[in-house]
Amino acid sequence: MVFNEKIVNPAELRHVEGKIELYWVYTSGEAGDVFFKKLRDEGKFTASKCRKCGHVFFPPRIYCEFDFSETEYVEVSGEGCILAFSVVMYDPDGNRLENPEIYALIGMEGTDGKMIHLLGEIDPENIEIGMKVKPVLRPQDQREGKITDILYFKPVS
Amino acid sequence: MGRSDAGWNGNSSLKQEVIVMAVGKKNISAPPYVEGHELELEDFENKTITYVEDYPDIRYQFTAGQAISRFLRGLKEGKILATKCSKCRRVMVPPRTFCELCFKPADEWVEVKDTGTVETFSISYIDPDAKPLDEPEIVAVISIDGASPKMGILHKLGEVEPDRVYIGMKVKAVWKPESEREGMITDIKYWKPLEVE
């Protein structure tokens, strides 16, 4: 056989199927633990404030990254304003979504931090930069200390 | 929970100990470093800490390609197949479609013997999870008789004590029964010494 003759039927080619077993756990860490437990148990948001320069970190940090000072936990409202947003029309596999998802960068009120989360109860064409939004949480008995305990943010009206 | 309170809780008093750290040319006072928390399995089971977990579903399909596909089909029939380059006359095992020295297509299939010579070997006492094995496994690079020198495959040795293996040892393939063969390299169970002790 000369190798210019190619195998045209792919079924004649041998192939091996395999699966890579992987499992990972990512812990929230010291300050993340405080944040998620407060969110889960009381439905409240936590930030942390530098005792020296007063920078308010959200998500909370255990120390200030600017002057290495200690921080203290402060409660914040959880409301914020939209700094940027994006409308997602496709799922991770590239299939068109029936209901487009809206992701927004939200500047948290009373803090110097921001978070990315979903927007809900609003049509993409009605969103404006600077719009005030508030969080919608899962019912208390369904919360499990994860970022998905916040279902989405909706406009304050 | 076995945690040490490092004083990072907003209500607890500040720790007095302050370490002075040199950052650049400035001396910046730094708070005491947080001691790490040792996590126990119970922390995860009782959900005393918050965490996320996932089992990514990673699947793959590896296609053997033209030459190796035919080589593997040959193994199912109990044959070791090789390709030959008509220019440099090399017989290549495992077979390839191109001669990488002459950079021309290989142009002939030949069958080689199922005997060979141990080129190098290694004795493995642990399995892929680093657990000790009851019986050590011997893996060896075997150059196949009938192929060009130093042409061969990596496989296991059997029916031999680890301290009896040597470089240059003649070995012969031990095949699975024909009904159990599935066109994989494992259709050869192992290679056993050819000479009778």
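The values are calculated or read from the model by the stated rules, or taken from the named source; none is laboratory data. Computed from a predicted structure; not experimentally measured. Please note: Cβ atoms are built from the backbone with ideal geometry, for glycine as well, and neighbour counts cover all protein chains shown.
Scanning segment A:59-100 for residues that are closer than 29 Å to A:Glu125 by Cβ and touching a Ser or Thr at 6+ places or on another chain (Cβ under 9 Å) turns up just one, A:Gly80.
Consider segment A:16-50 and keep the residues that are of a type in the set (Asp, Glu) and more than 7 Å from chain B (Cβ to nearest Cβ). The one that is surrounded by the fewest Cβ atoms within 10 Å (Cβ to Cβ) is A:Glu21. Which pairs have Cβ atoms under 8 Å, sit 6 or more apart or on different chains, and link a residue in segment B:129-145 that is over 17 Å from B:Gly158 (Cα atoms) to one that is surrounded by fewer than 18 Cβ atoms within 10 Å (Cβ to Cβ) and among the aromatic types (Phe, Trp, Tyr)? Within 8 Å, the pairs are B:Pro132/B:Tyr125. Of the strands (runs of 3 or more DSSP E) lying entirely inside segment B:111-196, those carrying at least 2 residues that are over 23 Å from the mean Cα position of the chain (by Cα) are B:170-175.
On the given criteria, is B:Asp127 in contact with a Leu (Cβ under 7 Å, 6 or more places away or on another chain) and loosely packed, with under 15 Cβ neighbours inside 10 Å? Considered against the rule, which asks whether it is in contact with a Leu (Cβ under 7 Å, 6 or more places away or on another chain) and loosely packed, with under 15 Cβ neighbours inside 10 Å, B:Asp127 comes out as yes. Sub-6 Å Cβ pairs linking a first residue in segment B:65-81 that is more than 15 Å from B:Asp114 (Cα to Cα) to a second residue that is at pLDDT below 90 and aliphatic (A, V, I, L, M), at least 6 apart or interchain, are B:Gln66/A:Ile7; B:Ser69/A:Leu13, ordered by first then second residue. Does segment A:51-68 include one or more residues that are more than 7 Å from chain B (Cβ to nearest Cβ), in a strand (DSSP E or B) and surrounded by 16 or more Cβ atoms within 10 Å (Cβ to Cβ)? Scanning segment A:51-68 turns up at least one residue that is more than 7 Å from chain B (Cβ to nearest Cβ), in a strand (DSSP E or B) and surrounded by 16 or more Cβ atoms within 10 Å (Cβ to Cβ).
Screening A:Ile82 on (1) under 22 Å from B:Leu39 (Cβ atoms); (2) surrounded by 19 or more Cβ atoms within 10 Å (Cβ to Cβ); (3) not basic (Lys, Arg) shows it passes everything except condition (1).
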